[in-house]
């Protein structure tokens, strides 16, 4: 059990059913959240089916055959909220089902809400609307169309698309280069029977995290394990790829699009994994480089040189990658690239001001503390720790960040290598 300064009491429970339960007890919120995570290998042959599955499951279960029935039940449960989808973490594609509702002690009626919430989540995830092992073909077809629109609509958010596209090109020969929503062309051959088979495989072979957040009674966890009908027989191992890679040649890709502003993305191999001793030095390095208004990218690329509308750096934790993203005028491409790389090289040379270093530490600490104020971010934080096999909590991470010195940053900077440049420029 871990007790943090943020009034979080963390408990972990392992079971013999391939299930890992994480209880995050806190009285900061008036709601409780129950989260089911099914971990799968990110793989081109199954990624699209996996992305489609939550969309089909939320159309209805045997207990709640339509979306209207689900909505009606949520309203009866004092306006509770349910949703599901997929996320990518490293080489994992994770199906996430969650339900949030008011904590029992805030119900003046004296009703008990936690168990009904658990039963509803169990119904949607484990009691689907199947006939002869098949999903409703009409539901599947409608959700195929919705997923196709979602995939095709990625391009509408140019900033996010630019970052994702750079990662895809950078990791084209690696699992991480697969987008978690899959491909439109893979949707054509999917029907209710195929989805039924995919569902059974996921239910029977996925490693599962059950994460519960809120002002939780200890006895609820035992009851929750009985309600959530875990059926895993033998969970599959998920392969992870080596984050240490020496870049032989920097590749550049240019894409013409209907945009007013160019999007310059630069992908780097950091050669530092999330469990490496230098990981926290890498976090501070990234903040000094492009983690806010104090950073080198913001101060020198955006403010002093007026070359970018925005400029940031971010770490892809589980894959050991770093992305620099910026919005620039198309004719400023060479100059922007030059000044961005100058900032990268300055840190390698140990050119770090007290302001940059101290502001980075402060920004990172404040960011971690603010995560403890958002239920969804708290759940994500502890899910990531579970994936890593780590017992770290917010305070542990904060203390490790505070221990990082400028010389540690300089050391880790020497391992960072530019791998891929992707530039979206306006069509002429």
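Quick note: the coordinates plus some simple rules give every number you see, no bench work behind them. Quick caveat, the model's predicted, so the values are computed rather than measured. Positions of Cβ are generated from backbone atoms using ideal geometry, with glycine treated the same way; all protein chains shown enter the neighbour counts.
Listed values, structure above:
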{"read-out": "Spacing of the two label points (7 Å from each Cα toward its C-beta) at residue 146 and residue 236, in nm", "value": "2.5"}
{"read-out": "Ranking of 39, 244, 294 by count of other Cβ atoms within 10 Å, fewest first", "value": "244, 294, 39"}
{"read-out": "Degrees, to the nearest 10: 137-152 long Cα axis against longest axis of the chain", "value": "10"}
{"read-out": "For peptides 150-157, 397-404, sequence by mean Cβ density within 10 Å, most packed first", "value": "397-404, 150-157"}
{"read-out": "Rounded, prolate or oblate (a/c below 1.5 giving rounded, otherwise prolate when a/b exceeds b/c) for the range 130-208 by Cα gyration tensor", "value": "oblate"}
{"read-out": "Residue order, fewest to most surrounding Cβ atoms within 10 angstrom, among 383, 289, 388", "value": "388, 383, 289"}
{"read-out": "Rounded tilt (10° steps) of 158-170 against the dominant C-alpha axis of the chain", "value": "80"}
{"read-out": "Ordering of 361-373, 91-103 by packing [mean C-beta count within 10 Å, highest first]", "value": "91-103, 361-373"}
{"read-out": "Using alpha-carbon coordinates, inclination of helix 192-205 to the longest axis of the chain, degrees", "value": "80"}
{"read-out": "Structure-based [θ]222 nm, the chain - -39500 (n - 2.57) summed over DSSP H runs of at least 4, per residue, nearest 500", "value": "-12000 deg cm²/dmol"}
{"read-out": "Spacing of the two label points (7 Å from each Cα toward its C-beta) at residue 109 and residue 254, in nm", "value": "6.4"}
{"read-out": "R0 of 25 Å, Cβ-Cβ distance residue 247-residue 205: FRET efficiency to nearest 0.05", "value": "0.10"}
{"read-out": "Ascending count of other beta-carbon atoms within 10 Å, so fewest first, for 309, 333, 279, 176", "value": "309, 333, 279, 176"}
{"read-out": "Relative pair counts by distance (%), Cα atoms of the range 2-227, 5 Å bins", "value": "1, 6, 13, 16, 17, 16, 13, 10, 6, 2, 0, 0"}
